[in-house]
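A short worksheet on the structure shown next.
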Amino acid sequence: MSKLSNDVLLTRQFLRRRLTVDKHSCPTLTGLDAEYKQLRDIVWRTAALSESNSVLLIGPRGAGKTLLLNTVICELQQDAQTVNNFVTVQLNGLLQKDDKVALKEITRQLNLENVASTKIFGSFAENLQFLLEAFKTGGVESKSLLFVLEEFDLFAGHHNQTLLYNLFDVAQSAAAPLCVIGLTARLDVLELLEKRVKSRFSHRQLLICPSLTFADYVTVFNNYLMLPRDHNISASFVQSWNDSVKLLSQEPAVLDVLRQQYNIDTNITALKTFLLVPVCKLCAECPVLEASQFINSFKLLHATDCRAAMINGLSVLELCLIIAMKHLTERYDAEPFNFEMVFSEYEKFCRSHSSIQLFDRVVVMKSYEQLCQLELVRCVSETGSKSTAEYQLITLHVDSSQIMDSLQKLPSCPTDIRQWAASTVH
């Protein structure tokens, strides 16, 4: 095997691991600078100063909660002041279904199976306290413990919430240097906690909701494809690869398909899936990434676009409302709008085109409600009565490119409506 073929093979292997299973090989964090500083300070105080803490990372799936935490842990593991000062225990509510299983996993990760197997305990608290004491007397008195609870809301379903109660109790009482970090997608997670558990929680919460601009999105694209200098791949190949990625991210075709992906879903997990298809095609015959591969990846992932399929089944009136919302979204930079604004836009169009029938307000309202039920349109707030439905703020959950593609594939769409959709905002 030639040197180039070997470098390409190693590159494909490294990038595949980065995009799928190797969370500790994550690139630079983007869009969460403030949250990163807060979380790093909390974990650093536990690792360096032996302070006990507890915090919840709350945000939608794919927002970057795990990536943020792993970035903090990776940095502290390389910091000379904290490198050997803490041990991480990873628990997941999907795997540790009850407290007994969770306790076994804690024992395994702390390497205390032999010590705990000879003891009989009367309660969960006694068992956990013994593990912490055994951990401290094992020659690691200066080390702190970092408990990471993925799917934190599922631990609230354990009997009497014993695990959470005892972990928060130890953290509050400072019996041992301990930091409990919960990760969850449920905003109402505190309402699931019992009073005795809630009273021992520090009530620190970090809301993880990154507001990535398109420029940030392109930066993340580059970060995931760039190769590190200290890898097994030859330095000359790393340099040429990184240069090609920079040029690739500036190509109009790549920027266009990235913009479409960004408009559909800003989720980083979706971006990683989008990048995985071209990366898997790397081989000796195709040693670099090409713009056509990303275009094909986008088409492959969005070959069956549910929202586009729903647009194809809409009536002419519903299509008019969708296009009116598209123009309002573009005109006001994606700011929310209401039914009255949509109806006004639709009415102006109908009055300027005699071929399009202007329906009564009641009929238009029914079509608008149908779009809401299909979730092509969503209310910004669920509050409000039916009498004020026309004034509720809404947002359009269909991308402009999806609308245009659907109209092109819809033979029954009137020419005036197709031209109206393609017209520029004024």
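The values are calculated or read from the model by the stated rules, or taken from the named source; none is laboratory data. The structure displayed is predicted, hence computed values, not measured ones. For neighbour counting, all protein chains shown are included, and Cβ atoms are generated from backbone atoms with ideal geometry for every residue, glycine included.
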For ALA308: the one exception among (1) under 14 Å from ASP405 (Cα atoms); (2) over 25 Å from the mean Cα position of the chain (by Cα): (2)
In the stretch 42-95, residue surrounded by the fewest Cβ atoms within 10 Å (Cβ to Cβ) [restricted to those that are in contact with a strand residue (DSSP E or B) (Cβ under 7 Å, 6 or more places away or on another chain) and small (Gly, Ala, Ser)]: SER50
Filter pass, THR71 being part of a loop (DSSP other than H, G, I, E, B) and farther than 12 Å from ILE208 by Cα: no
Hits in the stretch 351-378 - residues which are part of a helix (DSSP H, G or I) and within 21 Å of SER400 (Cα to Cα): SER367, TYR368, GLU369, GLN370, LEU371, CYS372, GLN373
LYS143 being surrounded by 14 or more Cβ atoms within 10 Å (Cβ to Cβ), farther than 30 Å from ASP188 by Cα and modelled with pLDDT under 85: yes
Close pairs (7 angstrom Cβ cut-off, 6 or more residues apart or separate chains): at negative phi in the stretch 60-74, among the small types (Gly, Ala, Ser) and surrounded by fewer than 20 Cβ atoms within 10 Å (Cβ to Cβ) anywhere: PRO60/ALA185; ARG61/ALA185
Residue satisfying all of: in the stretch 386-409; in contact with a helix residue (DSSP H, G or I) (Cβ under 6 Å, 6 or more places away or on another chain) and in a loop (DSSP other than H, G, I, E, B); farthest from LEU371 (Cα to Cα) among these: ASP399
Residues that are assigned to a helix (DSSP H, G or I), more than 24 Å from THR415 (Cα to Cα) and touching a residue at least 60 places away in the same chain (Cβ under 8 Å), drawn from the stretch 324-346: none
Condition check for VAL87: of a type outside the set (Phe, Trp, Tyr), in contact with a helix residue (DSSP H, G or I) (Cβ under 9 Å, 6 or more places away or on another chain) and touching a residue at least 60 places away in the same chain (Cβ under 8 Å): no
Residue match in the stretch 206-229 (condition: touching an Asp or Glu at 6+ places or on another chain (Cβ under 6 Å), over 30 Å from VAL89 (Cβ atoms), not in a helix (DSSP H, G or I) and not assigned by TED's automatic domain parsing to the domain that holds ALA48): no
Those residues of the stretch 46-65 which are within 24 Å of the chain's Cα centre (by Cα) and either of a type in the set (Lys, Arg) or within 16 Å of VAL180 (Cβ to Cβ) (or both), in sequence order: SER54, VAL55, LEU56, LEU57, ILE58, ARG61, LYS65
The stretch 24-68: number of residues that are outside any helix (DSSP H, G or I) and modelled with pLDDT of 85 or more: 9
Filtered residues of the stretch 387-411 (kept if within 19 Å of VAL316 (Cβ to Cβ) and free of Cβ contacts under 8 Å to residues at least 40 places away in the same chain): MET404, GLN408, PRO411
Of all residues in the stretch 92-128 being more than 38 Å from the chain's Cα centre (by Cα) and in a loop (DSSP other than H, G, I, E, B), the one that is modelled with the highest pLDDT: SER123
Pair list, Cβ < 6 Å and 6+ apart or interchain, from the stretch 312-323 residues that are assigned by TED's automatic domain parsing to the domain that holds LEU371 to residues that are crowded, with 24+ Cβ neighbours inside 10 Å and acidic (Asp, Glu): none
Where a residue in the stretch 158-180 is hydroxyl-bearing (Ser, Thr, Tyr) and its partner, wherever it lies, is part of a helix (DSSP H, G or I) and surrounded by 18 or more Cβ atoms within 10 Å (Cβ to Cβ), with Cβ under 8 Å and at least six apart: THR162/ASP99; THR162/PHE124; TYR165/VAL197
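So that you can scan it fast, the table gives a plain yes or no per residue for (1) farther than 25 Å from LEU183 by Cβ; (2) crowded, with 16+ Cβ neighbours inside 10 Å; (3) among the hydrophobic types (A, V, I, L, M, F, W, C):
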{"residue": "CYS209", "(1), (2), (3)": "no, no, yes"}
{"residue": "LEU225", "(1), (2), (3)": "yes, yes, yes"}
{"residue": "ILE233", "(1), (2), (3)": "yes, yes, yes"}
{"residue": "GLN239", "(1), (2), (3)": "yes, no, no"}
{"residue": "VAL257", "(1), (2), (3)": "yes, yes, yes"}
{"residue": "GLN261", "(1), (2), (3)": "yes, yes, no"}
{"residue": "LYS272", "(1), (2), (3)": "no, yes, no"}
{"residue": "CYS280", "(1), (2), (3)": "yes, no, yes"}
{"residue": "CYS283", "(1), (2), (3)": "yes, no, yes"}
